Amino acid sequence: MKKTDIEKAYRLAQEQFAAFGVNTEKAIKKLARIPISMHCWQGDDVGGYEHVGGSELSGGIQATGNYPGKARTIAELRADIVKALSLIPGKHRLNLHACYLDNKGKFIDRNEIQPKHFQSWIDWGKGTLQGMDFNPTYFSHPKSADGFTLSHPDKGIRQFWVEHGIACRKIGAAIGKQFGNAAVTNVWVPDSYKDIPADRTAPRERLMDSLDKVFEPKINPAHNLDAVESKLFGIGGESYTVGSHEFYMGYAVSRQKLLTLDAGHYHPTEVISEKISSVLMFCPELLLHVSRPVRWDSDHVVILDDELQAIGKELVRSGKLDRVHIGLDYFDASINRVAAWTMGMRNMLKALLIGLLEPFDTLKKLEQKMDYTQRLVMFEELKTLPWAAVWDYYCMSKGVPVGMEWFRDVQKYEADVLSKR
Ligand code: RNT
Ligand code: ZN
């Protein structure tokens, strides 16, 4: 598309939105200030670099597919991340998992990792990223092979994982300190039973106790924020998940931690867009794992579907974006991984833009007057307003490819780099 055409389309769109009382310039400015935390694990199918060549993924999550070009080393992963970020408008964050440590070829067990093992990531990220987030890795490890970690019946194994959690919070703090903004360190454990348990209480009591130990050391919240993520079920853990939604909602509220809402961790008709407003009333802040479940927690690439748009709108409507951390969480190994990142990130931003372009005050007024007919008429009308022209203009103004142009770049990268791996 020609630059002048993008501008022309934008001017027309600007007028159409203005007729609804919406200022597109303001929307664009706000969008530019929202960082999305891009998950490192889409680049190598959640393998990590603890061992040469990555680890066997375990813990009830699965990456399926064997598309060529997976990042085999930290250097390759970084190159792929840089490529993806060059196609996404705005300045963003990187979400790292503990198993992506830079151990310089020497195995370091999870309870012994230190900030120094992530220093090369921090140094590398400083120029490019707005900040970084962190995750303890409670899967793909011999001590998680029983399907239990922080709630394991064995005290020694629980202690090992408590130490891992504490080590990770310290790494989060080192990251946050050096970037000048807090890293969110998100705790997710796979602990679950394949079949019906007899005792549902004891594992939850153990998890609560272990979490309290993980969070015991005081860490400056300006450097590190603690989040906890629930789940409904995992592969091989279908009947009972220790860290259920109720468990973590209660835990986060009582300990004033961040709650993580993962879009794939609820019953199929349950959506996280509906939960945002409630969680923000009772938790200090919120972390999102934007994902896409297809029939189950399948971690498909985030597309611009109804739920993603609902999430974008809810976040904007809440007026509390400053208390929300947006991260992506999916891993599709069956398509080009750089494209998978780019699509998900661009779609998340599109959803936020759609939210920012909504005449929320007008809709609220109609609702207060109980004019539900006009509310619905307006919802429908808004769907076809030319937000895409605003998006194109935004991409152009940020110096990233407009429309499908970004995919040409990825194709070239695949031919020049990925296909040679
Ligand atoms: C698993 C959780 C968790 C992981 C990442 C890799 O179901 O969603 O967030 O996907 O930690
Ligand atoms: Zn998640």
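The values are calculated or read from the model by the stated rules, or taken from the named source; none is laboratory data. This structure is a prediction, so every number in the text was calculated from the model and none was measured. Methodologically, a virtual Cβ is constructed for each residue, glycine included, from the backbone with ideal geometry; neighbour enumeration extends over all protein chains shown.
What the table below lists for this structure:
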item	result
Close pairs (7 angstrom Cβ cut-off, 6 or more residues apart or separate chains): free of Cβ contacts under 8 Å to residues at least 24 places away in the same chain in segment 49-69, in a loop (DSSP other than H, G, I, E, B) and of a type in the set (Phe, Trp, Tyr) anywhere	none
All positions within segment 269-295 that are touching a residue at least 12 places away in the same chain (Cβ under 8 Å) and within 24 Å of Val46 (Cα to Cα)	Ile272, Leu286, Leu287, Leu288, His289, Val290, Ser291, Arg292, Pro293, Arg295
Residues that are within 15 Å of ligand 2 (Cβ to nearest atom) and more than 25 Å from Lys364 (Cα to Cα), drawn from segment 301-324	Val301, Val302
Residue match in segment 231-249 (condition: part of a helix (DSSP H, G or I) and more than 24 Å from Pro293 (Cβ to Cβ))	no
Boolean, Tyr330 is at pLDDT 95 or above, in contact with a Lys or Arg (Cβ under 7 Å, 6 or more places away or on another chain) and over 24 Å from Met281 (Cβ atoms)	yes
Segment 404-421 residues that are farther than 16 Å from Thr342 by Cβ, paired with ones that are surrounded by 13 or more Cβ atoms within 10 Å (Cβ to Cβ) (beta carbon under 6 Å, 6 or more apart)	Arg421/Gly69
All positions within segment 219-243 that are among the charged types (D, E, K, R), within 10 Å of ligand 1 (Cβ to nearest atom) and surrounded by fewer than 23 Cβ atoms within 10 Å (Cβ to Cβ)	Glu229
From Ser278, Ser298, Ser291, residue being over 14 Å from the mean Cα position of the chain (by Cα), within 16 Å of ligand 2 (Cβ to nearest atom), of a type in the set (S, T, N, Q) and at pLDDT 95 or above	Ser298
Segment 257-275, subset buried (at least 23 other Cβ atoms within 10 Å of the Cβ) and in a loop (DSSP other than H, G, I, E, B), residue nearest to ligand 2 (Cβ to nearest atom)	His265
Filter result (within 13 Å of ligand 1 (Cβ to nearest atom) and in contact (Cβ under 8 Å) with a residue 60 or more places away in the chain) within segment 244-262	Thr260, Asp262
Out of Leu385, Leu349, sole residue that is within 15 Å of Ala27 (Cα to Cα) and not in a helix (DSSP H, G or I)	Leu385
Exclusive hit being modelled with pLDDT of 95 or more and surrounded by fewer than 20 Cβ atoms within 10 Å (Cβ to Cβ), set Ala27, Ala79	Ala79
Test: Asn224 is among the polar types (S, T, N, Q), touching a Gly at 6+ places or on another chain (Cβ under 6 Å), under 28 Å from Phe179 (Cα atoms) and away from ligand 2 (no atom under 16 Å from the Cβ)	yes
Filter result for the condition that a residue is within 16 Å of ligand 1 (Cβ to nearest atom), buried (at least 19 other Cβ atoms within 10 Å of the Cβ), over 18 Å from Ser151 (Cα atoms) and among the aliphatic types (A, V, I, L, M), over Ile175, Ile171	Ile171
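Residue-by-condition table, conditions (1) touching a helix residue (DSSP H, G or I) at 6+ places or on another chain (Cβ under 7 Å); (2) within 20 Å of Ile235 (Cα to Cα); (3) of a type outside the set (Phe, Trp, Tyr):
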{"residue": "His164", "(1), (2), (3)": "yes, no, yes"}
{"residue": "Ile171", "(1), (2), (3)": "yes, no, yes"}
{"residue": "Ala174", "(1), (2), (3)": "yes, no, yes"}
{"residue": "Gly180", "(1), (2), (3)": "no, no, yes"}
{"residue": "Arg200", "(1), (2), (3)": "no, yes, yes"}
{"residue": "Met208", "(1), (2), (3)": "yes, no, yes"}
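Each row is one residue, and each column tells you yes or no for (1) in a helix (DSSP H, G or I); (2) among the aliphatic types (A, V, I, L, M).
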residue	(1), (2)
Thr149	no, no
Phe160	yes, no
His164	yes, no
Asn181	no, no
Met208	yes, yes
Asp212	yes, no
